[in-house]
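Undergrad: Next up is a structure, given as structure tokens.
The values are calculated or read from the model by the stated rules, or taken from the named source; none is laboratory data. The structure presented is a predicted model; accordingly, all values stated were derived computationally and were not measured. Please note: Cβ atoms are built from the backbone with ideal geometry, for glycine as well, and neighbour counts cover all protein chains shown.
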Amino acid sequence: MKSLGKTRRSRSVGRAVSVGLCGAALAATALALPGLAQAAPAPAGQPQRGGPVSQPQHGGWDLKGSGTDARFRGLAAVSRDTAWVAGAKGTVLRTSDGGDSWRDVSPPGAGELEFRDIEAFDGRRAVVLAIGEGEASRVFRTADGGATWTESFRNTDPKAFYDCMTFFDRRHGLAMSDPVNGKYRILSTADGGRSWKVLPDKGMPAAQEGESGFAASGQCLVSSGPRDVWLATGGAARARVLHSADRGRTWSATDAPIPAGDPARGVFGLAFRDRTHGIAVGGDYRAGQPSPKAAATTGDGGRSWTTSAAPPPAYRSGVAWLPGSRRGALAVGPTGTDVTADGGRSWRTIDTGSYDTVDCTRDRACWASGEKGRIARWERD
């Protein structure tokens, strides 16, 4: 689909949102959590995205000057020092000093592209996805920190529109397109994004009329472990989450209790801390429209979903577990950041700044990015 600002196909929306920072509520919530020992590092070869991290304790989002007004819906947090962002006008930035400075490592000639997802294995290797109809959907790869890029995939099917991407490890990954001939299209790589192939669609359930994915935060396709992957949908009569346990070859679909029934509504972001426990966020992305059930949880790998008893107060596009905690997570959207201390059943707003996506790392850092070049890292007092 198109971005938010073109997030859905053939639709666009702009949002100007007031920003502000506060950390007291998160500090109070964090203190209510049990002690969190730092978890072991991710297995060798695992992309450094969403790795183990302890719950932020005190402080708040610290805005980092990006030097651009591009909107960053793609974010890959490697560590508290290293992060990548990808966004509008073909922009890719990388920091290696905790956001104090950013290097423009955009692929040459990509100024007309809309980057919406980026997956980074470390500070040198990353894969970035450009969204759009036909040849606007492309994948680029770098192995030298963005000094050079190789275009490894360009979509030639005018019916396809790629939205999101995920990696199981340093070699195996998937990208998803909105339905083509009534089914979601899945692109697969087994060599770290150097080459891609379209998977057979025999194991993919039929899409609903008007259904597609949202290229809002790089989180409409997410994975956990070596084989499990989930796909978030919206725009149709029912919001759904599709699950595959075999790296995208066969899928099952489950209704999610997130607002649906309109092209602007559905599940926008997913996060799984393991192959069974997940959180879905979304709602209605139009400014001022209510989203009374903006979050849901699963404890069975997505076979069933339960509406959060106290969900975020408005639409949310991004969500990240705070690994090291079995219950803590952050959700972000254009009107604020929310925290949960009970696995997504209840949420508290702890910041009113505008962010589109969020990611946490195994060395106790959380990053967020969004409109007008906004990039932030959670800073502890």
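Undergrad: Does ASP117 count as assigned to a strand (DSSP E or B) and either surrounded by fewer than 18 Cβ atoms within 10 Å (Cβ to Cβ) or of a type outside the set (Phe, Trp, Tyr) (or both)?
TA: Details: assigned to a strand (DSSP E or B): yes; either surrounded by fewer than 18 Cβ atoms within 10 Å (Cβ to Cβ) or of a type outside the set (Phe, Trp, Tyr) (or both): yes.
For ASP117, the condition - assigned to a strand (DSSP E or B) and either surrounded by fewer than 18 Cβ atoms within 10 Å (Cβ to Cβ) or of a type outside the set (Phe, Trp, Tyr) (or both) - is met.
Undergrad: Find all pairs meeting these conditions: Cβ atoms under 7 angstrom apart; at least six residues apart or on different chains; first residue within the stretch 222-251 and buried (at least 24 other Cβ atoms within 10 Å of the Cβ); second residue at pLDDT below 95.
TA: The qualifying pairs are GLY235/ARG8.
Undergrad: Condition first: free of Cβ contacts under 8 Å to residues at least 60 places away in the same chain, in contact with a strand residue (DSSP E or B) (Cβ under 9 Å, 6 or more places away or on another chain) and surrounded by fewer than 24 Cβ atoms within 10 Å (Cβ to Cβ). Now tell me which residues in the stretch 336-357 satisfy that.
TA: Once the filter is applied, which keeps residues that are free of Cβ contacts under 8 Å to residues at least 60 places away in the same chain, in contact with a strand residue (DSSP E or B) (Cβ under 9 Å, 6 or more places away or on another chain) and surrounded by fewer than 24 Cβ atoms within 10 Å (Cβ to Cβ), the stretch 336-357 yields GLY336, ARG345, SER346.
Undergrad: Separate question: Which residue pairs have Cβ atoms closer than 6 Å, lie 6 or more positions apart in sequence or on different chains, and pair a first residue in the stretch 299-320 that is more than 16 Å from VAL241 (Cβ to Cβ) and surrounded by fewer than 24 Cβ atoms within 10 Å (Cβ to Cβ) with a second residue that is modelled with pLDDT of 95 or more and among the charged types (D, E, K, R)?
TA: ALA309/ARG345
Residues are listed down the side, and each one gets a yes or a no for (1) part of a strand (DSSP E or B); (2) within 20 Å of the chain's Cα centre (by Cα); (3) on the phi > 0 side of the Ramachandran plot:
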| residue | (1), (2), (3) |
| --- | --- |
| THR148 | no, no, no |
| TYR162 | yes, yes, no |
| THR166 | yes, yes, no |
| ARG170 | no, yes, no |
| LEU187 | yes, yes, no |
| SER195 | no, no, no |
| GLU209 | no, no, no |
| GLY218 | no, yes, yes |
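Undergrad: Surrounded by fewer than 16 Cβ atoms within 10 Å (Cβ to Cβ) and modelled with pLDDT of 95 or more - does that describe any residue in the stretch 86-95?
TA: Yes, that holds for at least one residue.
Undergrad: Collect the residues in the stretch 92-141 that are within 25 Å of SER224 (Cβ to Cβ) and among the β-branched types (Val, Ile, Thr), keeping them in residue-number order.
TA: Answer for the stretch 92-141, where residues must be within 25 Å of SER224 (Cβ to Cβ) and among the β-branched types (Val, Ile, Thr): ILE118, VAL127, VAL128, ILE131, VAL139.
Undergrad: When GLY261 is evaluated against the numbered criteria (1) under 17 Å from the mean Cα position of the chain (by Cα); (2) assigned to a loop (DSSP other than H, G, I, E, B); (3) at positive phi, which criterion, by number, is the only one it fails?
TA: Unmet condition: (1).
Undergrad: Look at PHE214 and say whether it is touching a Lys or Arg at 6+ places or on another chain (Cβ under 8 Å), aromatic (Phe, Trp, Tyr) and part of a loop (DSSP other than H, G, I, E, B).
TA: It is true that PHE214 is touching a Lys or Arg at 6+ places or on another chain (Cβ under 8 Å), aromatic (Phe, Trp, Tyr) and part of a loop (DSSP other than H, G, I, E, B).
Undergrad: Quick one: ARG185 ticks every box in (1) free of Cβ contacts under 8 Å to residues at least 60 places away in the same chain; (2) of a type in the set (Lys, Arg); (3) surrounded by fewer than 20 Cβ atoms within 10 Å (Cβ to Cβ) except a single one, so which number is it?
TA: Going through the list (1) free of Cβ contacts under 8 Å to residues at least 60 places away in the same chain; (2) of a type in the set (Lys, Arg); (3) surrounded by fewer than 20 Cβ atoms within 10 Å (Cβ to Cβ), ARG185 breaks only (3).
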